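Undergrad: Here's a structure for you.
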Amino acid sequence: MSDTAQDPNAISMAVPVDAAHGDQPMAPDMQVPQGYDPMAVPGDPAAAAMEPVSGLAMPAEPTGYTDPVMQANPMPAGLAMPVQDPAVAPTAPPMADAMSASMVNPAMAAPVMPTDPDQGFGEPLQPQGYAPEPAQDFAYADPAMSDASVFPEAESTAQEAPMGGYAYVGPEEDMSGVRPVPRVSIQAFCETEAVAGIIDRAANDRRMAKAHVSVQLGGIPAATDYYQTAATPNLIIVESQLRDEGLLQLLQGLAEVCDEGSNVMVVGHANDVQLYRELMSRGVSEYLVAPITMVQLMTIVNDLFVNPDSEPLGNTMTFIGAKGGVGSSTLAHNIAFAISSEFESDVILADMDLPFGTANIDFDQDPAQGIADAVFSSDRIDDTYLDRLLAKCSDHLSLLAAPSTLEREYDFGPQDFMQLLEVAQRGTPNVVLDMPHVWTGWSRNVLAASDRVVITAMPDLASLRNTKNLLETLKEIRPNDEAPLIVLNQVNVPKRPEISIDDFMEPLELKAAAVIPFEPALFGNASNNGQMIAEADPKSEVAAAIQNLAHTLTNRRDASEKPGKKTSSLLSFLSRKKA
């Protein structure tokens, strides 16, 4: 930049230099007369006294004025603003345009540098180190600027997403009327960072503290590939910019690798009522048109899993022994651990044997509160109170421990446990009940209300008799439900006479869901170390049997099996659930 004039009333101008020849001044006929101001309004005497002879140049500032942008980004020596050819110089703008132009910060206009004469006309050169300041507090901004500059409110909310790093953040939302989301697992496969960013923000909101959310890019193809070898969560969110047959074909491929009972929500970019109806008729849980909001996302999750008119979220699995000492509690604890660790699905394990329960020992927990507080205060039990009573064993496993003391008598009425089970089912996908070997009004009602019942027996005569009695009674009180699963435990004990597996199951007219061999060293070491069988010896035959039983109880496809071709319609497994 040239030195300013000594006269305080004079106007200083940049002396143009030839960028192709270093610091040499440009030809006199290409220079701008001192005092010329292209921003002057027509009719101004100062402007009328001047005649532009060689095009327009950047307006000059009064002596002593320092442009903060140019001070922070100084112009390198040898570079100056070019002078345009008079033949193409624009005419003076009308009064309205001139007034609008006067509202623009001169610092906002990026300098256009002369192109390399050897290269001909090309992209304008940018001076090294020059970075124009973003527009702030102006009524007009250059259309070439970013949206964040044109809309300051969008820029004020932008921040790095804490989970997946997605930078897109939408406007602030009113979350005052949104309820907390229950303990569900949600996995999202997005195509755009805008949708991924919203889901990321929602996952870190306090209302979704119980939910387990993961977000990744790739859309429906990535989801289909992922679930080839992974169990599906409670809710799958997929984004697709396709429509009609293209979208339906991708969803068909996804349906072939999903477990029965999974909910699928589609985020699309087509506001098409016909497409919405087609997806709903094929079993899709919800279809949203991008852009979505956190309020929409949380409301839909609550509608799917908390709505009083919808089915209970939790799948209740009750374990009871055909007689004492058959290992029913050990089996229940290991199943709860397997579901929570392998499927990454939330589980509440409730130890119903209040005086003699062992779940707190098996999971090395000593909570001050537990199931006794819930049952004796059933009139005040709700989601919040239940959360206070749960002991956290792992990310996905919570324990409702028994007091395991004899300080009081535990006499319960037939309905005393029902409110607790209803609240637990409403907020958690899997509820495992470890029942004592008793027969009372409350135990009968708990078994009748359970989704699945597992009877653990040993291959002896007493177990066979008691198992047959349980099956007949449960068939009477649960006539429309599946028959209980029979697990034969402690099989092949040395030097002990046993009933063969076939002879044991024949009078029951059922097949054994699992046969667990007698492994005293494995079970003993695991119990003494506070471990589950999958932790003590994950490759053992017992661990494999427990894993297979966990798949059966949760209706999940074994991840080791390759998905086969299905002839059913798109998402038919979801359609059957809705029917």
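Undergrad: With LEU349, LEU331 as the choices, which residue is under 30 Å from GLU519 (Cβ atoms), modelled with pLDDT of 90 or more, aliphatic (A, V, I, L, M) and not in a helix (DSSP H, G or I)? Step through it out loud before you land on a result.
TA: Numbers: LEU331 fails: not in a helix (DSSP H, G or I).
After ruling out the rest, the residue left standing is LEU349.
Yes or no, residue by residue, for (1) touching a Lys or Arg at 6+ places or on another chain (Cβ under 6 Å); (2) over 18 Å from THR456 (Cα atoms); (3) modelled with pLDDT of 90 or more; (4) part of a helix (DSSP H, G or I):
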position	(1), (2), (3), (4)
ASP481	no, yes, no, no
ASN489	no, no, yes, no
ILE499	no, no, yes, no
LYS511	no, no, yes, no
ALA521	no, yes, yes, yes
GLY524	no, yes, yes, yes
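Undergrad: Looking at (1) in contact with a His (Cβ under 9 Å, 6 or more places away or on another chain); (2) open to solvent by less than 30 Å² (accessible area, probe 1.4 Å); (3) of a type in the set (A, V, I, L, M, F, W, C), which one does VAL289 not meet, given that it meets all the others?
TA: (2)
Undergrad: Also: So, in the range 169-209, of the ones that are surrounded by fewer than 16 Cβ atoms within 10 Å (Cβ to Cβ) and among the basic types (Lys, Arg), which residue ends up modelled with the highest pLDDT?
TA: Within the range 169-209, the match that is modelled with the highest pLDDT is ARG206.
Undergrad: Those residues that are crowded, with 18+ Cβ neighbours inside 10 Å, in contact with a Gly (Cβ under 8 Å, 6 or more places away or on another chain) and either part of a helix (DSSP H, G or I) or at pLDDT 90 or above (or both), I need them from the range 400-425; list them, please.
TA: If the condition is that a residue be crowded, with 18+ Cβ neighbours inside 10 Å, in contact with a Gly (Cβ under 8 Å, 6 or more places away or on another chain) and either part of a helix (DSSP H, G or I) or at pLDDT 90 or above (or both), then LEU400, ALA401, ALA402, PRO403, ALA424, GLN425 are the ones that fit.
Undergrad: A further question follows. Please verify whether ALA338 is buried (at least 23 other Cβ atoms within 10 Å of the Cβ) and over 21 Å from LEU553 (Cβ atoms), treating the condition exactly as stated.
TA: Judged against the criteria, ALA338 is not a match.
Undergrad: Residues of the range 352-368 being farther than 28 Å from VAL213 by Cβ and in a loop (DSSP other than H, G, I, E, B), which ones?
TA: MET352, ASP353, LEU354, PRO355, PHE356, GLY357, THR358, ASP364, ASP366, ALA368
Undergrad: Let me ask something else. Do we have ASP481 as open to solvent by 40 Å² or more (accessible area, probe 1.4 Å) and out of contact with any Ser or Thr (no Cβ under 7 Å at 6 or more places or on another chain) here?
TA: Answer is yes for this residue.
Undergrad: Checking ALA372 against (1) surrounded by fewer than 17 Cβ atoms within 10 Å (Cβ to Cβ); (2) in contact (Cβ under 8 Å) with a residue 12 or more places away in the chain; (3) within 38 Å of the chain's Cα centre (by Cα): exactly one of these is not met. Which one?
TA: Status for ALA372: all satisfied but (1).
Undergrad: A further question follows. Is there a residue in the range 270-282 that is in a strand (DSSP E or B), at pLDDT 85 or above and over 30 Å from ALA536 (Cβ atoms)?
TA: So far as the range 270-282 goes, no, none of its residues is in a strand (DSSP E or B), at pLDDT 85 or above and over 30 Å from ALA536 (Cβ atoms).
Undergrad: Could you check how many residues of the range 233-245 are assigned to a loop (DSSP other than H, G, I, E, B) and under 9 Å from ILE186 (Cα atoms)?
TA: Here is the first cut: in the range 233-245, the residues assigned to a loop (DSSP other than H, G, I, E, B) are 233-234, 241-243.
From the residues that got through so far, the ones that are under 9 Å from ILE186 (Cα atoms) too are 233-234.
Result for the range 233-245: 2.
Undergrad: Still on this structure, I have one more. For the range 484-507, what are the residues that are closer than 26 Å to MET418 by Cα and open to solvent by 20 Å² or more (accessible area, probe 1.4 Å)?
TA: Across the range 484-507, the qualifying residue is only LEU485.
The values are calculated or read from the model by the stated rules, or taken from the named source; none is laboratory data. Computed from a prediction, not measured in an experiment: that's the story for all the values here. Cβ coordinates were reconstructed from backbone atoms using ideal geometry, including for glycine residues, and neighbour counts include every protein chain displayed. Side chains included, ligands, DNA and RNA excluded: accessible areas come from the protein's heavy atoms. Shrake-Rupley method; radii C 1.70, N 1.55, O 1.52, S 1.80 Å.
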